[in-house]
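Remarks on the structure that follows.
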Amino acid sequence: WDHADIKAENPDLVVPAGQNIVVVRRTKGSSSTAGTTEYMKAACPASWTLDAGSVSNWPEGETTAVEGSGGMAAEIRKTPFAIGYLDAGHGQREGFAEVSLQNRNGNYLTTAEADIGQAGTQALAAGSSVIPADPTSDWSAVNVYNMPGDRTWPITLFSYFYVDKDLDAQGLDVDTQALLKAFLQYVLSEDGQTHAEQYGFVKLPAEVLTYNADTIASMVFTSTMTEFTRETSTQVGAGAGEYVLSTKRQSYDTVMHEPMAASLDELDAKVLALTKDMHSAAVAQLHGSGTTNPSKFFWHVMHLFKNQMMFPTHLTYRAIGSSSGMHEFVGSDNGNVPQNHFGSGDIPMSSSNFAALQFKMVHIPFAVGAIGIFHSVPAAENGGDDVKLDSCLLAKIFSRQIKTWDHADIKAANPKLSVPAGTNIKVAHRTEGSSSTAGTTQYLKKACGDSWSLETGSSIDWPEDTFSVQGSGGMAAYIRENTYAIGYLDAGHGHREGFGEIALENKDGQSQTTKQADIGAAATVALQTPGAIPDDPSADWSGVNLYDMSGATSWPITLFSYLYVQQDLRAMDSMTATLLKAFLEFVASERGQTLMQTYGFVPVPSAVKNKNAETMTTIMFPEGTMDMVFEIDTMRGAGMEENVISAKRRSYGDVERETLMADFEVAKVAAEARPTVTTTMTTTMTGVVTDNDDSEGGDDDDDDDDGASGVAWASLIVGVLAALVSGLAIVKSNTPTGAG
């Protein structure tokens, strides 16, 4: 689609580089195939090298064969970037985009813009060179393709009746002859031509109607045949004749059909209005699942949408891990129908999952993240320095080739490290499918394959003397609760926990932590590396990774976080599609990318943003999908429209939460400035418990009572303090703050 010749005709066309044109064509004998191929042969014979006719020798393996106009419509409907031919009425009813085709006069038109009947007029004006003067001649060469005229559509064709000229000689029953003549005359009458328009046909030009009237007049009917007449206005007496086609006679079905049709039209209008009203009453839903890493960011965005939209919404995201999110997106347990509206992962869709898809999907890399290697070696035991490792040392530690912190190779890289002799390295690893496991193991395989003896992937078999944890929360808990542990965790999570971090040597030989590295640098390098990232967003991305990229500031275990989205969403509920489209747009926006940073992620480089914008243009949304507008600065009047997500709408809980957080920060600063207050309170409370524990007399039961009494005293003090703080909060919240 990005061929230079197409781009020259369509300078505003933006498609992924190298995007394949999916050519769809009919099988078996098809007048549509005949019309299309014969037109191209007539209009541009130098470029049309295939056969012309109802069956053609299409390129095998490079075109998609379908059966019937229904098959053509279905294939265009489900396949992005497809092109095919279809009778105009059918295509318009489907709502398909239509190619604006240049006609013989050099004008670009769609069938909706063209005068379809004009080709017939031009054909008759051209004389017998196009349409024979004798209707009984050989008409096999007749076509009305590529006729002149400013509004002429170039692929126009007649639909014909094939009729025996001499019906008397044929010996046809006279009444049958009369019915046939009446049928032909009705179809060509004003009523008949108007009736034909209801089924997507175009009225014949006056010149063609005259030609047809002459043709019928030239036919031979039996002389004793009684012709049918039509009664449109009352013919007293005559209308009761045997050979009268009377509009005054109607069947019950016809009589009931008309009011029913009128009622249906009225009902359609009411349903349309009701549907519009329901948008503001029904709860629009959006549900995603996948990687745990960006879950807090997703929840935050969904919370904003809930509070800032006019219509009620219910948005959820299940943090279940990248592999599980893929599984539900593919719909492996659901007849290959997605169980979520979108998936998310810190790794691209695996090749096996991609192959199992029954629909086309796109990858949208929305953030750059880093997997950090965190540990719980006391800082004092390394002189306050970062513990340094290279990829091979890390590979040997995780595969248990190196088991103690005082191993000679580790000591050589960290001369200040002083740990108890033989201190075991407690290696923690994730269970189930984890993108963090995939990223770490694939990095080790790529950077130091000779030392990495284990498998790679989201779930592998670890040595038995390692420790299994579930989820990033389990990993954090293990490192927090076990000294001399080591594990992998998304960098933002590790930083929030305050864990010690390994300074990992990158491809350029620089040792640094994720805080010191430029996390986005790897993505920039990848985009500059030919073939590292597919041009086609709907292609197999399973081979994409940002591990061990060059660059002095690059972090070696960097990865994209992806959104997995179906490319054709036209079967999705329009309100769900509205939410999904808005969600994707917000995540990619400046606000979204800024908000993301508060959760430890790095915005994608501008080149990736541009690629994502191109990808969005390839997603097909259902009819009725709204384009949501984000109100940051006040939009008077317009801000109250249904399609506005307004930052001016906020919940009481959000405002109070911000106030409490601000007060907390003030209190935190004050507490840090006066540590003696905390020390005194702690000593007093400890003293209460200690005094009771040391009291004399009584048996064991009495000692228990005294211990409980001490705890009760401590609880009482805490309760009083809580009541005081609560009381202050009530006073504060009820204190006038002045006019807003």
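Quick notes on this one:
- Number of positions in segment 84-102 that are under 17 Å from Arg570 (Cβ atoms) and open to solvent by 80 Å² or more (accessible area, probe 1.4 Å): 3
- Failed criterion for Phe560 (all others in (1) open to solvent by 40 Å² or more (accessible area, probe 1.4 Å); (2) on the phi < 0 side of the Ramachandran plot hold): (1)
- Segment 185-242 - residue that is touching a residue at least 60 places away in the same chain (Cβ under 8 Å) and in contact with an Asp or Glu (Cβ under 8 Å, 6 or more places away or on another chain) and, of those, most open to solvent (accessible area, probe 1.4 Å): Lys203
- Flag if Gly53 is open to solvent by less than 50 Å² (accessible area, probe 1.4 Å) and assigned to a helix (DSSP H, G or I): no
- Taking first residues from segment 327-339 that are at positive phi and partners that are open to solvent by 70 Å² or more (accessible area, probe 1.4 Å), the Cβ contacts under 9 Å between residues at least 6 apart in sequence or on separate chains come to Gly331/Val337; Gly331/Gln339; Gly331/Gln358; Gly335/Gln358; Asn336/Gln358.
- In this structure, Thr404 does not qualify as within 27 Å of Arg496 (Cβ to Cβ), surrounded by fewer than 19 Cβ atoms within 10 Å (Cβ to Cβ), polar (S, T, N, Q) and at pLDDT 95 or above.
- The requirement of being open to solvent by 20 Å² or more (accessible area, probe 1.4 Å), more than 21 Å from Leu393 (Cβ to Cβ), not in a loop (DSSP other than H, G, I, E, B) and not aromatic (Phe, Trp, Tyr) is fulfilled nowhere in segment 509-517; no residue meets it.
- Breaking point among (1) assigned to a loop (DSSP other than H, G, I, E, B); (2) of a type outside the set (A, V, I, L, M); (3) open to solvent by less than 40 Å² (accessible area, probe 1.4 Å); (4) in contact with an Asp or Glu (Cβ under 9 Å, 6 or more places away or on another chain), for Glu455: (3)
- When segment 603-624 is filtered for residues that are open to solvent by less than 20 Å² (accessible area, probe 1.4 Å) and either over 12 Å from Ile533 (Cβ atoms) or of a type in the set (A, V, I, L, M, F, W, C) (or both), the ones remaining, listed by number, are Val604, Val608, Thr618, Ile619, Pro622.
- Residue list for segment 70-83, restricted to those being open to solvent by less than 40 Å² (accessible area, probe 1.4 Å) and either in contact with a helix residue (DSSP H, G or I) (Cβ under 7 Å, 6 or more places away or on another chain) or basic (Lys, Arg) (or both): Ala73, Pro80, Ala82
- Residue tally, condition in a loop (DSSP other than H, G, I, E, B) and open to solvent by less than 20 Å² (accessible area, probe 1.4 Å), over segment 408-418: 2
- Test: residue in segment 154-177 that is of a type in the set (Gly, Ala, Ser), over 30 Å from Arg104 (Cβ atoms) and surrounded by 12 or more Cβ atoms within 10 Å (Cβ to Cβ): no
- Identity of the residue in segment 103-135, touching a residue at least 40 places away in the same chain (Cβ under 8 Å), in contact with a helix residue (DSSP H, G or I) (Cβ under 9 Å, 6 or more places away or on another chain) and open to solvent by 30 Å² or more (accessible area, probe 1.4 Å), that ends up farthest from Ala43 (Cα to Cα): Pro135
- Of all the listed residues (Ala491, Ala485), the sole one being of a type in the set (A, V, I, L, M, F, W, C), in contact with a helix residue (DSSP H, G or I) (Cβ under 7 Å, 6 or more places away or on another chain) and surrounded by 15 or more Cβ atoms within 10 Å (Cβ to Cβ) is Ala485.
The values are calculated or read from the model by the stated rules, or taken from the named source; none is laboratory data. Note that the structure is predicted; figures quoted are calculated from it, not measured. Cβ sites come from the backbone with ideal geometry, for glycine too, and all protein chains shown count toward neighbours. For the accessible areas, the whole protein counts, side chains as well, though only heavy atoms, and no ligand, DNA or RNA atoms are used. Shrake-Rupley method; radii C 1.70, N 1.55, O 1.52, S 1.80 Å.
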